[in-house]
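Student: Please see the structure below; I have some questions.
Nothing in this text is a laboratory measurement; each read-out follows from the coordinates by a stated rule. Worth saying up front: this structure is predicted, and the values here are computed from it rather than measured. Quick reminder, even Gly has a Cβ in these numbers, built from the backbone with ideal geometry, and neighbours come from all protein chains shown.
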Amino acid sequence: MIDELDIKILSLLQKNSRLSYREIARELKVAVGTVYNRVKRMEEEGVIRGFAPVLDYEKLGFGLTAVIGVKAKGGKITDIEQKIAEKNQVILVYDITGEFDIVVVAKFRDRADMNRFVKWLLSLEGVEKTNTSVAMQVVKEDFRIGLTED
């Protein structure tokens, strides 16, 4: 069960996942052991699934972001989602409602890279159609959410 202290720890880790347990404990005025135990428990429960840096994809050469809707045959959707999720360029795969069954967000180096991916996607058994939109500008790209009211 997640409580207020857990939320405060998570909020600090979202801002800077490199904070030491000692720094978190000092900020929250609790024992280092308490922070350690809370973080370990949340890792074991799957609340914390890992620690990763926030990257600037454009500076790494992945300046093209595509949002791709995929219409698929009902019995194949899960298999298709798994195959898509294995691709390195893919950062998000959602099983959705609406006109499309799957939405994919992926990063590409250029249009040729994106073209190869979309053609591969269309070659998958069960994929009926795709609709690709290219992001013109990244306004916000951040998976951290506010966990507290402030």
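Student: Just checking, which of T78, T34 is more than 27 Å from Q14 (Cα to Cα) and either of a type outside the set (F, W, Y) or in a helix (DSSP H, G or I) (or both)?
Tutor: None of the other options fit; the residue is T78.
Student: Something else: For the range 105-131, which residues satisfy the criterion of being over 17 Å from E81 (Cβ atoms) and either in a helix (DSSP H, G or I) or out of contact with any Phe, Trp or Tyr (no Cβ under 9 Å at 6 or more places or on another chain) (or both)?
Tutor: Result: D110, R111, A112, D113, M114, N115, R116, K119.
Student: Let me ask something else about it. Could you tell me how many of the residues in the range 93-140 are touching a residue at least 40 places away in the same chain (Cβ under 8 Å), of a type in the set (D, E) and surrounded by 14 or more Cβ atoms within 10 Å (Cβ to Cβ)?
Tutor: 1
Student: Considering only residues of the range 67-89 that are surrounded by 16 or more Cβ atoms within 10 Å (Cβ to Cβ) and of a type in the set (A, V, I, L, M, F, W, C), which is farthest from the chain's Cα centre (by Cα)?
Tutor: Among residues in the range 67-89 that are surrounded by 16 or more Cβ atoms within 10 Å (Cβ to Cβ) and of a type in the set (A, V, I, L, M, F, W, C), the one farthest from the chain's Cα centre (by Cα) is A72.
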